[in-house]
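Below is one structure, written out as structure tokens; comments come after it.
The values are calculated or read from the model by the stated rules, or taken from the named source; none is laboratory data. This one's a predicted model, so the numbers in the text were calculated from it and none came from an experiment. Every residue, glycine among them, receives a Cβ derived from its backbone with ideal geometry; neighbour counts consider all protein chains shown. Surface areas here come from the heavy atoms of the whole protein model, side chains and all, with no ligands, DNA or RNA. Shrake-Rupley method; radii C 1.70, N 1.55, O 1.52, S 1.80 Å.
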Amino acid sequence: MANSEPGNGRESTRERIQRISKSFFLHIHSPKVHPDSLRPTATFGLGAILGTLFLVQVVTGILLMVHYTPSIEGAYISVKEIIFYIPGGRIFRNMHRWSAHAMVFITFLHLFRTFYKGAYYGTRQTNWVIGVVMLLVVMGMSFSGYLLPWDQLAYWAVTIGSNIAASFSELTDLLGISGYFNPGGFFKKLLLGGDEVGQATLTRFFTLHVIFLPVSLLVLIAYHFWRIRQDGGLGKQRIADSDAVLEIPAWPTALWAEVAVLLCVVALLLIAGLLVDAPLKVKANPILPENPAKSPWYLLGIQELVSYSAFMGGFVIPLLFVVFLFRIPWYDKDGEALQGIWFSGLQGRRITWLSALVGTVATIVLILLQEMIPEPGPPGSWLTIVLSMLLNPGSLSVLLYFIWAAWIKRYTRSRRMTVLALFTAFMAGWTLFMITGIWFRGENWQFTL
Amino acid sequence: MKEPQYRKRYSLVAKSAALLIIFVLVVGWIDQGLMPSWKQYQRKYRRTLHKAFTNTDSRSSILPEQGVYQAELPDLRRTDRCVTCHLAIEGGPIDTLSEPFRVHPGSLLETHPVRKFGCTICHGGQGQALDKANAFARNPRNDWDQPVLQYPFIESSCGKCHLSLFTGDSLLQQSQVLERGRETFLREGCLGCHKARNVGGMLGPDLTAQGDKSRHEYNFRNIRGEQTISNWLEQHFIDPEMVSPGSRMLEFDLPKEDMEALATLVMGLSRPDLPYKYIGTNVLLELKGVRPLLPGDSLFAMLCSACHGKSGEGKPWAIYKSGVPAIGRAGFLSIASPEYVAFILRYGRTSQLMTPWAPEFSGLTPSEVSDAGRFVLSRRATNSTWSNTRRLLANGQGEFANGEQLFRSRCLTCHGERASGGLAIGFNHPDFFRAASMEYIYNTVTRGRMNTAMPSWSFLSDAEMAELLSYIRHLESTVDGQGIRTGNSVMASDMVRDPASGIRRLASGAERFHYLCSRCHGDHGEGATGPANLNKDFLRTADDPFLYRTISSGRAHTPMHGWIRQGSQEGGIDPDEIREIIAYMRSTVDTAWEYNYPGPTLGNKENGKTLFGDLCAGCHGVHGTGIKAPSLNDQVFLNAATNGFLLATITLGRVGTDMPTWGDSTNQHRALSASERNDIVAFIRGWQKVHLPVSD
């Protein structure tokens, strides 16, 4: 039809639909968004940051991959070549490293935001699950990339990590059945491609890091974005009057918001890449262990727990936590009314605060107690192992968190509050174990100040 | 907030961020792309050459193009980019520029061109780097193990391919510090505890590849000052226990140049992981254990001198807590037999830090081990000769009064008043004097009877020996001439041995010795109730007439009766048979017995225990473990030392140490009688639990 101009009311339906379907931007974004979504403090742009980081990782990753040699003889030298010889190599290697750390950190922050705002009710249950899976994939990406420089830091961190993967064998060894049933040993071998970190491990990790995990992440991201549109945009408050009045066009404001996030993140990463060098130690030496040998910071919480008891710290507690995370949307049946409100209101805020306090104090006390009390029973005996499994700061604090959450449940009779309490206590404890592992563990894993 | 406001705000942020990115990119490009230090150096070099050479034709050919220059060395598994900044290292149009445009000093690059060797193989450092800090890698927190070496430690790199530790290499003459280090290493006796290139002791770590160790394999916790390997080594030499707590290494007090040289040598000890074509043949051979035989004095310096002292003076118990025997002193050398030294060398000392030097442990050949032992004993001073002494004796020079003084001070404690006997044989006997000549007596005194309690008195001068012999001659003249003569005087001329039938005689001589003599003289002639007559020194000293006379006539009033058949009397043996016994005795001089037989144990253990507890335990420990004195319950020691050795040591003490002379009384202690000394020896002998064979 003639005079079919957009917005003049005389567009045909087909034209209107095409205007949207032919646009890439409007394919991913809904045409109208709620002004709440544009407020910075709504989501802090964490998802957008993560998207940017992923993009940066892919670009810098490809630049690195072009110059990297995934063999144990050539890996370290090729990394040095990137730093010294390749123009700009030092910078994009640093960017890759810092954005990797940022990605893990911000994924956790994103998890917190989604959780505390209750963005997992109703149809958003699926997206929550995808998110948790992406958290695990991101940690996997970081861990697999950690080995690739093949320096002392990488080699021994992965050695530790592989031994954590074998945590189940503490139980099978105790029961004496490791000869017949050894999933711990199986996982370690699966991870390493052998009995120790070597060429097979490097090849395996390289494949994971550049093909399998990025493609998985890409697919998950696509699904995650699609589900956001399916679920009606970002999780927000239900308001009495009609939402339509409050909606504003996505183009171009939402685009500007996201472009702003992207450019700020890229700028920060560039500056970091220029100014701060990513760590690199001497070439991996299998006969000269680092002391203390530490896994990457996001795994140090687990390493600390494993130092108390391999089975509890490396298998049971992480499993409990992940199962708990997956379970949250189905367990929490009574919080939907308050979705989109931070901490579901004042009561929730108080309970979160208290749980953080309880989690922190209890964990600190238990860690300090652990330092002061000697090991029960003769070392290596059946009794010592069982006691150390049950009576260590990890197991006891998790037990305490559950008791605390149960008490909150009785007190508030609200599942949302319970879940808030347990989650916060868990994360507070987790952070404390991580801090202990990073700053308070020295040679031979001794507690040093 | 309204939509337009959001839009403005975010677009402003986005645009500012974009500008920031552009700015950072530009800055980064300038800093990394235009201004890296290597490009600046290259520009500076070009400018310098530009200014110096004004002729435009030749100028363009000498100006290096900008770019990264490198030596790719797949054999050495490295890529060295040093020449990117060090543009004139192999020579340039101007050779007087300062760093980094200096020309390499000396002519080393003619034999070690950069395109074949690179730079880092000798100088250390990180060849791949293009900036100074990373290339030099001197910061201990750096991620590179081998920093650039400073003079003089750079000479250690020559050692990688060229150091033959035991023989010099003429190629290394230019590396004076390394050569000095090698000499110091061999002179100070480091191989006494450490092994290097297959030779040395087993107490310290093997140093063959010490130079290959990186900084991370050293513990710098107690090191002050530079955190470099050379500094660690120097401090380690000065005070090993501080640097490596728990170490028992000796402290070395050497001048600074020697310390630096020694550190350079240690850094140059290497088993290089390079293709063979880079390494000198002598080094390859030495690493496999092929080397020339080393003489005894070099071996002593190399292996023994660190602990035992350069002239065998030992280390005092007061200063060094486990003490080291003085093996160069007269007191030890006069009683240490070759068997004793060889035994200790072979087995070491189980309770002390003496490492075994048997070939399988030390990397020495059997001949080198015995050469070392011979060298130790060669220090025994011989201050007289028979011809001189005889002359003095014949001239009547030799107051026997002085000789009597000598006798009383040195011989009386064992041989008794007027040589009438005690711990040792009384030789104031007419039958003895009939058999023994002055030469025999001279030889016995100067040689001693090693492995018995008779020490060697070879350090006595001609005059002293003459005096002593004149006293003994005086004793001879005063001996009661009524000794029972037990047989016909058989003339020495009958002593001619028949060589043709020697072998047949030998067998029966051995049987006769066993049946007739061994009951008193010991199965192996080591002595029982009678003296050790298969003792090698004795057999060397005693001539055939002496032996014949002693066997046939015996010694009156002693258990040794004359063996000669008197007429048709039952018992006794023929002169031929005596000759056979003598022939057998002579033949044992070259045989080595399987064990070191300790000889007669005549004392009472219980008495000895009491005496030991009262007098000896304060220094030697109640169970002989050794507190301020050597340990006596060491099984190797007990096997090496015969009872005679022990008796001699107890009687005479050890001059220069705190071991008193228990044979004489002093202000500090009383003299021990012969039986008391025998009792103590019996007690000590009781600690021996195993019998170690002399050799495999």
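Only helices (runs of 4 or more DSSP H) whose full extent lies in region A:7-123 are considered here, and the ones with at least 3 residues that are of a type outside the set (D, E, K, R) and open to solvent by less than 30 Å² (accessible area, probe 1.4 Å) are A:46-67, A:75-84, A:89-116.
Of the residues B:Leu25, B:Leu20, B:Leu34, the single one that is open to solvent by 80 Å² or more (accessible area, probe 1.4 Å), of a type in the set (A, V, I, L, M) and within 12 Å of another protein chain (Cβ to nearest Cβ) is B:Leu25. Hey, any hits in region B:517-540 for a residue that's open to solvent by less than 40 Å² (accessible area, probe 1.4 Å), more than 47 Å from the chain's Cα centre (by Cα) and at pLDDT below 90? No, region B:517-540 has no match at all. Just to be sure, is B:Phe459 over 30 Å from the mean Cα position of the chain (by Cα), of a type outside the set (A, V, I, L, M) and surrounded by fewer than 23 Cβ atoms within 10 Å (Cβ to Cβ)? It is false that B:Phe459 is over 30 Å from the mean Cα position of the chain (by Cα), of a type outside the set (A, V, I, L, M) and surrounded by fewer than 23 Cβ atoms within 10 Å (Cβ to Cβ). Residues in region A:308-331 that are at pLDDT 90 or above and either among the hydroxyl-bearing types (Ser, Thr, Tyr) or not in a helix (DSSP H, G or I) (or both): A:Tyr331 only. Being closer than 24 Å to A:Ile62 by Cα, touching an Asp or Glu at 6+ places or on another chain (Cβ under 7 Å) and assigned to a loop (DSSP other than H, G, I, E, B) holds for only one residue in A:Leu288, A:Leu280, and it is A:Leu280. Here A:Val419 passes the criteria (1) under 21 Å from A:Gly313 (Cα atoms); (2) surrounded by 15 or more Cβ atoms within 10 Å (Cβ to Cβ) except the one numbered (1).
Residue-wise test of (1) surrounded by 22 or more Cβ atoms within 10 Å (Cβ to Cβ); (2) under 40 Å from the mean Cα position of the chain (by Cα); (3) at pLDDT below 85.
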{"position": "B:Arg410", "(1), (2), (3)": "no, yes, no"}
{"position": "B:Gly416", "(1), (2), (3)": "no, yes, no"}
{"position": "B:Phe433", "(1), (2), (3)": "no, no, no"}
{"position": "B:Val445", "(1), (2), (3)": "yes, yes, no"}
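Given B:Leu611, B:Leu672, which one is touching a residue at least 40 places away in the same chain (Cβ under 8 Å) and either closer than 24 Å to B:Met450 by Cα or assigned by TED's automatic domain parsing to the domain that holds B:His415 (or both)? From the options B:Leu611, B:Leu672, the qualifying one is B:Leu672. The set of residues in region B:561-594 that are surrounded by 13 or more Cβ atoms within 10 Å (Cβ to Cβ) and among the hydroxyl-bearing types (Ser, Thr, Tyr) comprises B:Tyr584, B:Ser587, B:Thr588.
Take the residues in region A:247-282 that are within 14 Å of B:Ala18 (Cβ to Cβ) and small (Gly, Ala, Ser); name whichever of them is surrounded by the most Cβ atoms within 10 Å (Cβ to Cβ). Restricting to residues being within 14 Å of B:Ala18 (Cβ to Cβ) and small (Gly, Ala, Ser), the top hit is A:Ala260. Determine whether B:Tyr340 is surrounded by 21 or more Cβ atoms within 10 Å (Cβ to Cβ), within 23 Å of B:Tyr597 (Cα to Cα) and out of contact with any Pro (no Cβ under 9 Å at 6 or more places or on another chain). It is true that B:Tyr340 is surrounded by 21 or more Cβ atoms within 10 Å (Cβ to Cβ), within 23 Å of B:Tyr597 (Cα to Cα) and out of contact with any Pro (no Cβ under 9 Å at 6 or more places or on another chain).
For B:Ile22, the conditions (1) within 29 Å of B:Lys160 (Cα to Cα); (2) out of contact with any strand residue (DSSP E or B) (no Cβ under 9 Å at 6 or more places or on another chain) all hold with the exception of (1).
Among the residues of region A:372-417, just one is in a loop (DSSP other than H, G, I, E, B), among the hydroxyl-bearing types (Ser, Thr, Tyr) and free of Cβ contacts under 8 Å to residues at least 40 places away in the same chain, namely A:Ser381.
Checked against (1) part of a loop (DSSP other than H, G, I, E, B); (2) under 29 Å from B:Tyr340 (Cα atoms); (3) without any contact (Cβ under 8 Å) to a residue 24 or more places away in the chain, B:Gly525 passes all but a single condition, namely (3).
Look at (1) assigned to a loop (DSSP other than H, G, I, E, B); (2) of a type in the set (A, V, I, L, M, F, W, C); (3) without any contact (Cβ under 8 Å) to a residue 40 or more places away in the chain and you find that B:Ile551 fails only one, number (1). Take the conditions (1) under 19 Å from B:Gly448 (Cβ atoms); (2) open to solvent by less than 50 Å² (accessible area, probe 1.4 Å); (3) modelled with pLDDT under 90; B:Phe645 misses just one of them, which is (3). Residue count for region B:418-431 under the criterion of being over 39 Å from the mean Cα position of the chain (by Cα) and of a type in the set (A, V, I, L, M, F, W, C): the result is 2.
For region B:37-60, the candidate set comprises residues that are of a type outside the set (D, E, K, R) and closer than 19 Å to A:Leu274 by Cβ; within that set, the residue that is farthest from the other protein chains (Cβ to nearest Cβ) is B:Gln40. If you check B:Phe252, B:Phe237, B:Phe332, which single one turns out to be of a type outside the set (D, E, K, R), surrounded by 15 or more Cβ atoms within 10 Å (Cβ to Cβ) and not assigned by TED's automatic domain parsing to the domain that holds B:Arg180? Just one listed residue meets the conditions, B:Phe332. Scanning region B:652-674 turns up at least one residue that is within 25 Å of B:Gly328 (Cβ to Cβ), open to solvent by 30 Å² or more (accessible area, probe 1.4 Å) and touching a Lys or Arg at 6+ places or on another chain (Cβ under 6 Å).
When B:Lys15 is tested against the conditions (1) under 59 Å from the mean Cα position of the chain (by Cα); (2) surrounded by 13 or more Cβ atoms within 10 Å (Cβ to Cβ), the lone failure is (1). Annotation note: of A:Glu304, A:Glu290, the sole residue that is more than 18 Å from A:His101 (Cα to Cα), buried (at least 16 other Cβ atoms within 10 Å of the Cβ) and within 14 Å of chain B (Cβ to nearest Cβ) is A:Glu290. Listed by position, the helices (runs of 4 or more DSSP H) contained in region B:80-181 that have at least 2 residues being over 22 Å from B:Tyr278 (Cβ atoms) are B:132-136.
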